[in-house]
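Since the structure comes first, as C-alpha cells, the remarks are kept for the end.
Read-outs throughout are calculated quantities, based only on the coordinates presented, and are distinct from any laboratory measurement. None of these values were measured; they are calculated from a predicted model. Here the Cβ positions follow ideal geometry from the backbone for every residue, glycine too, while neighbour counts run over all protein chains shown.
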Amino acid sequence: MGMAEQPLVACHDCDLLQREPLLPQGGVARCRRCGATLLRSHPQSTERALACTLGALFLFVLANVFPIVGLKLSGDFVQTTLLGAAQVMYRNDMRLVAGLVLVTTFVAPLTQMLAMTYLLLPACLGRRPPQARRVFRGMTLIQPWSMLEVFVLGILVALVKLAHLAIVVPGIALWSFGGVMLLMAAATAAFDARDLWTRLEAAR
C-alpha cells in the first residue's frame, strides 16, 4: 500500500491529521506533533478480547442466578438476587432507583457483552456478521451505562456499614460480579477496533 493509499488518522490530543502507518505486532504509532499514542498493535487482540468476554458472560449468568449477599439478623436469614432486589425496590415505590439499577447493572452490561461476542466470534472465525456497524455503534452508545464497578463498590461499602448490625454472608453472585468487572476491564483493554474491522473487511 502506497503512502497516498494509507488511511488518515487524527490525533485525539492535538487533532493533527496524518497518515496511518503500517505497524508490526506490538508496535506503537505516535503523533508527530505532540507524541501522543495514535495506534497500538495488540497481538491476537480479538482472540483475547473474545476469551475475556465469554468468561465475563458466564460469570454474569452466575451473578444473576445466585444471591448477592445474605444477612443474619435476630435469627432470621435474608438473601436476594440482583433482579430480586430491583423488584423489591419497584414494589416499594422506588421505581426510578429500580430502573436505574436494572439498566446499569443488568441490561447495559449484558447488551455490551452480547454485542462484543456477536462481533468478535465471527471475526475470529473469518466471517462477517450481519449489521456489524449498527451493532458496533449500539455497543459504543450503551457502554457508558454499564456501571458494574460502581455497583460492586456500593455493595462493599454497604457490607462494611452493616457488619456491626448483622452477620453478613457474601454470596456467590458478589464474587461473580467482581469477576465480571475484572474480565470486562481486561476485554475492553484488549479490544482493538482497528484489528476487528480489518478482519471483518477481509471476511467479505
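Per-residue packing, averaged as other Cβ atoms within 10 Å, sorts the ranges 146-154, 107-115 into the order 107-115, 146-154, beginning with the highest. Close amide H pairs (under 5 Å, H built 1.01 Å from N) link residue 39 with 29, residues at least 5 positions away or on another chain. Scalar couplings 3J(HN,Hα) for region 123-131, obtained by applying the Karplus form with A = 6.51, B = -1.76, C = 1.60 to θ = phi - 60°, are 4, 5, 8, x, 10, 10, x, x, 6 Hz; x denotes Gly and Pro. Listed values for region 48-57 are Karplus-derived 3J(HN,Hα) couplings in whole Hz (6.51 cos²θ - 1.76 cosθ + 1.60, θ = phi - 60°), namely 5, 5, 5, 4, 5, 5, 5, x, 5, 5, and x replaces Gly and Pro.
Relative protection proxy for 63-69, 49-55, from highest mean packing down: 49-55, 63-69 (other beta-carbon atoms within 10 angstrom). Ordering of 80-93, 10-23 by packing is 80-93, 10-23, highest average first (other Cβ atoms within 10 Å, averaged per residue).
Per-residue Karplus couplings for region 8-13, computed as 6.51 cos²θ - 1.76 cosθ + 1.60 with θ equal to phi - 60°, are listed in order as 8, 9, 9, 5, 6, 9 Hz, Gly and Pro entered as x. Near residue 121: Cβ cut-off under 11 Å, other residues only, Lys/Arg at +1 and Asp/Glu at -1. The net charge is 0.
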